[in-house]
Amino acid sequence: MNAPTTVSPVERASLSAEGHVALESEKAPVHIGSVSLIARDADALAGFYQDKIGLDVLRRKSGRVSLGSGGVAYLHLIASPNAKAPRQPAAGLFHTAFLLPSRAALGAWFTAAHDRGAPIEAASDHDVSEAFYLTDPEGNGIEVYADRDRSMWRKTADGYLMTTHRMDVHGVAEAGKDYAARHGASAGRFPAASRIGHVHLSVGEIDAAERFYHAHLGLDITHKRPGGSFFSSGGYHHHIATNTWHSLGACLREEGTTGLAEVELFVRDAALLAKLTESADAGEPHDSLAMEDPWGTRLSFSAG
C-alpha cells in the first residue's frame, strides 16, 4: 500500500515561507554540501541544468560553472573536453538527488519541467519521499524529490521503510498548481531553499561500502535492500546511498573520465570533524578534510 499522499499540516504551515524552510536533510550533523561533475562541455551541460532542471547559474570562472538556488551554489561543473566516458562496470555517481522544500514545490517543478521538455524518465513513491528521475546529456543520473513530513516516515527493525511504488503524479501536480502564485516564484525554477538532499553512488561491493561509510565514517545504516545499503547522519532517511546494480565488481575509478569528481559534505560538529580527521590519519585537525572511498570517489568534509 502506498503511503499517504496528502500534504501534512506541518508541511502546509510551511508553504508560506519556503524560502526559509529547514530541510530535514540539512538538520543532520553531517549533510551534503555540493556535488562536482567532470563535463566534456560544461557550458552546454550548465544550459541543461538551467533550462530543463531549473537551477540558476551563479558563477562561471576558469572552466568551472556553479549552479544552485537562493544564491547558494551546490552543483559544480568542471570542464574537461578530453575526458572519456568510464568503462563499465564503473563506480561513481548513480544520481544526484535535488531536494525541494515541499510536495507543492515538487508538483510545480514537475509541471513546468514537463512543459519545457525535460526528459523525465520515471516517477516513484518511496514512502519517505516522492521523486522524479532524469539523466543529463553526459549520462549523470538526477533525482528531483520532496520529503514527506518526518512524522510520516515508517520504521522497521532494519531501518526506514523505503519501497518503490508508482507515484500519484496527478496528485503531485495538483498540489503545485498555484505554487508559483502563492510564493511569487518563477515557474519551474528551484525554490530558494532547495539543496542536494542525498547522493546515490555506484560501488563495486556492498560489504566494502558498509565498512567504509558505516564503520569508518560513522554514518548510520538506515535501509538495506538486495545490492544496496543506505547511510545517514542525524536520523535522516539517507544522505549517501550505495548500490551494485550496474557496478558489481567495479574496481578503482579511472582518472580522466567524465562523471563524479567530488561529493562535499558539511560537518556541523567540530568534534566530529576532528574525529574524522583522526580516523583518516590526516594529522592535526583542520576545518576541512578530503579522502576517497574504496573505489576512488573523492569526499571532502568541511565545517558548516
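Each reported figure results from applying straightforward, stated rules to the coordinates on display, with no laboratory input. Quick caveat: nothing in here was measured; it's all calculated off a predicted structure. Every residue, glycine among them, receives a Cβ derived from its backbone with ideal geometry; neighbour counts consider all protein chains shown.
Computed values, structure above
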| item | result |
| --- | --- |
| Estimated FRET transfer efficiency (Ala85, Ala303; beta-carbon r; R0 30 Å; 0.05) | 0.30 |
| 30 Å Cα-Cα threshold exceeded, pairs from Lys155/Lys177; Lys27/Lys155; Lys52/Lys84; Lys52/Lys177; Lys61/Lys177 | Lys155/Lys177; Lys61/Lys177 |
| Lys, Arg +1 and Asp, Glu -1 on Cβ, resulting dipole of segment 9-303 about Cα centre, debye, nearest 20 | 460 |
| Summed side-chain charge close to Asn243 - residues other than Asn243 whose Cβ falls under 14 Å, Lys, Arg +1, Asp, Glu -1 | -3 |
| Value of relative contact order over segment 175-304, rounded to a whole percent, pairs C-alpha under 8 Å and six or more apart | 21 |
| Viscosity 1.567 mPa s, temperature 4 °C, Stokes-Einstein D of segment 9-303 from Kirkwood C-alpha radius, µm²/s | 67 |
| Among Ala113, Phe266, Ala241 - extreme Cα towards positive end, dipole of the chain, charges at beta-carbon | Ala113 |
| Theoretical gain in end-to-end length, Arg182 to Ala123 [0.36 nm per residue, Cα-Cα removed] | 18.7 nm |
| GluC sites (Glu not before Pro) within segment 93-182, DSSP loop, no more than 12 other Cβ atoms inside 10 Å | Glu121 |
| Estimated FRET transfer efficiency (Arg116, Asp168; beta-carbon r; R0 22 Å; 0.05) | 0.45 |
| Computed Rg/Rh of segment 59-155, alpha carbon atoms with Kirkwood Rh | 1.01 |
| Segment Ala208-Arg154, length gained on full extension (0.36 nm per residue, minus Cα span) | 16.7 nm |
| 10 Å Cβ shell holding at most 16 others, DSSP loop, trypsin sites (Lys or Arg not before Pro): longest site-free stretch of the chain | 178-267 |
